[in-house]
Amino acid sequence: MNEDIFLTDYFNECKNFISNQEVIQLCKDAKKMILKTSVSEGKLMFAGNGASASVANHASLDFTKQAKIKSVNFNESALITAFANDYGYENWIQKAVEYYGENKDTLILISSSGQSPNVVNAAKYAVDNSINVITFTGFEPNNPLLMSGNINFWLNSKSYNIIEGIHQLWLMSICDLIIGKKEYSVK
């Protein structure tokens with residue numbers, strides 16, 4: 001393997017996902033929805049599986065602390081294990097939305113494949129109950145999560161690390177767009 005070629009191709013693929021007009025418009029649309037949620041005294045609810053759970057955790061913190069948008073993250077071990085035990089793993093996020101969500105909220109779901117039943121079921125429940133949904137996916141362009149949201153971010157990639165890294169970048173760019181600057185004190 002030629003490492004220079006590998007890394008050049010890798011970074012070019014990432015660059016193509018973050019610098020296009022469709023993504024810019026999606027970020028502006030997401031900002032508008034998130035600010036509408038905040039003005040109506042709603043909250044952001046975040047969830048994902050695996051590394052996407054970590055992305056959700058980080059985003060929830062930054063939207064709350066930096067952008068001053070009330071946010072909750074459902075990726076907490078006691079919540080997951082209790083709801084998965086009682087309602088089945090495929091329903092734990094949906095049940096979290098049922099218990100914590102209101103129709104003035106926005107649910108942000110992150111799934112590389114867009115196929116995870118627990119995430120897809122939560123999106124369906126949210127849409128059926130007038131809760132806004134923003135999705136972040138990759139893999140196939142017709143994945144069920146991508147088809148479920150009001151605003152849908154998608155990468156034409158099957159690389160987990162690229163997908164998860166770009167999802168993180170997109171979410172942080174929306175947070176900074178709400179704040180209105182890239183550099184600021186975190187205190």
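The values are calculated or read from the model by the stated rules, or taken from the named source; none is laboratory data. Bear in mind that the values here come from a model prediction, so they are computed numbers and not experimental data. Cβ placement follows ideal geometry from the backbone for every residue including glycine, while neighbour counts extend to all protein chains displayed.
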Review point. With respect to Ala126, is the statement that it is assigned to a helix (DSSP H, G or I), in contact (Cβ under 8 Å) with a residue 12 or more places away in the chain and within 23 Å of Cys27 (Cα to Cα) true?
Key: yes
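Would you tally the residues in segment 144-164 being under 17 Å from Asp9 (Cα atoms) and of a type in the set (Phe, Trp, Tyr)?
Total meeting the criteria: 1.
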Study note, to complete from the structure: Given (1) outside any loop (DSSP other than H, G, I, E, B); (2) closer than 17 Å to Asn49 by Cβ, Phe139 misses just (1)
Practice item. For Ser112, indicate whether it is at pLDDT below 95 and among the hydroxyl-bearing types (Ser, Thr, Tyr). Key: no
Check your understanding: Just for segment 94-123: of the residues that are among the polar types (S, T, N, Q), more than 15 Å from Lys43 (Cβ to Cβ) and in contact with a helix residue (DSSP H, G or I) (Cβ under 8 Å, 6 or more places away or on another chain), which one is surrounded by the fewest Cβ atoms within 10 Å (Cβ to Cβ)?
Key -> Asn121
Revision key, fill the gap. Looking across segment 38-70 at residues that are within 12 Å of the chain's Cα centre (by Cα), among the polar types (S, T, N, Q) and outside any loop (DSSP other than H, G, I, E, B), the single one that is surrounded by the fewest Cβ atoms within 10 Å (Cβ to Cβ) is Ser54
